[in-house]
Each structure stands twice: as C-alpha cells, then as structure tokens.
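*Asks:* Below you'll find the structure I mean.
The values are calculated or read from the model by the stated rules, or taken from the named source; none is laboratory data. A quick note: this is a predicted structure, and the numbers were derived from the prediction, not measured. With ideal geometry, Cβ positions are generated from the backbone for all residues, glycine too; neighbour counts draw on all protein chains shown. Just so you know, the surface numbers come from the protein's heavy atoms only, side chains and all, with ligands and any DNA or RNA stripped out. Shrake-Rupley method; radii C 1.70, N 1.55, O 1.52, S 1.80 Å.
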Amino acid sequence: MSKAPADCATKEDIRAEIDRLDGELIGLLASRFGYVRRMAELKASPEEAVVPARIDEVLSHVAARAGTAGLDPDLARSLWSKLIDWNIAFERKAIAERTGGN
Ligand SMILES: O=C(O)C(=O)C[C@]1(C(=O)O)C=C[C@@H](O)C=C1
C-alpha cells in the first residue's frame, strides 16, 4: 500500500514511493507516446512534425496545471519541451521513412 510523504519514516520508505511513482510516470509517458506514434502515421510530410502553435498550447497547459498542483511551472515547461523535442525528432524520422521524404 502506498504511503503519503508524511507517513514515510525512513529514506527507504520514501525511495519505495518514488520508485512506484516513477513506474506510473513511465506508463503514462508510454501511453502518451502511443498517440505521438499514431500522429506520425497521419502526418503527410516531415515538415509537419513541428507545430509551433500546438507546442505553445501544450507548454501553457502543463505550466498552468503544474502551478495548480503545486509544482514549479518552469519545471513542467522544461520537461515537456524536452519531451516534445524528442517527439518531433521521432515524427520527422518516422514520416521520412514512410514517405521517402526528408
Ligand atoms: O500535436 C501534434 O501535432 C503532435 O505531433 C504532438 C506533439 C506533442 O508531443 O505534444 C509533438 C510534436 C508537435 O510539434 C506538437 C505536439
């Protein structure tokens, strides 16, 4: 059973909770990536991988939600920027391989 931070009495307790949450985060990130993979199948050319307006929207959303949740909005922006950069590179490559473009 999971323990709230205040109920953790030892460093081991805390690390067990961190490991549990990291596992959940990986599962969520893998689910998110499933949609990115599908998005790459629907885009017609590698140039479509970068969608600046949508990137701004996603970063604004996560920063706002982080702030509400008590997490630093800059941390959320930084993590999602990295994630989106990686997704863009993935999409570019996947679309180029499928269409023969570059
Ligand atoms: O919304 C898209 O078009 C996506 O491909 C998803 C996503 C993202 O990871 O959220 C990835 C790349 C785009 O430049 C913008 C957003």
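*Asks:* Quick check: anything in the range 54-73 open to solvent by 60 Å² or more (accessible area, probe 1.4 Å), in contact with a helix residue (DSSP H, G or I) (Cβ under 7 Å, 6 or more places away or on another chain), without any contact (Cβ under 8 Å) to a residue 12 or more places away in the chain and among the acidic types (Asp, Glu)?
*Replies:* Yes.
*Asks:* So, in the range 1-50, of the ones that are of a type in the set (S, T, N, Q) and free of Cβ contacts under 8 Å to residues at least 12 places away in the same chain, which residue ends up nearest to Arg92 (Cα to Cα)?
*Replies:* Filtering the range 1-50 for residues of a type in the set (S, T, N, Q) gives 2, 10, 31, 45.
Subset that is free of Cβ contacts under 8 Å to residues at least 12 places away in the same chain: 10, 31.
Details: Thr10: 46, Ser31: 20 Å.
Applying the filter and picking the extreme gives Ser31.
*Asks:* Can you confirm whether Pro46 is closer than 30 Å to Ser2 by Cα and in contact with a Gly (Cβ under 8 Å, 6 or more places away or on another chain)?
*Replies:* Values: closer than 30 Å to Ser2 by Cα: no; in contact with a Gly (Cβ under 8 Å, 6 or more places away or on another chain): yes.
Judged against the criteria, Pro46 is not a match.
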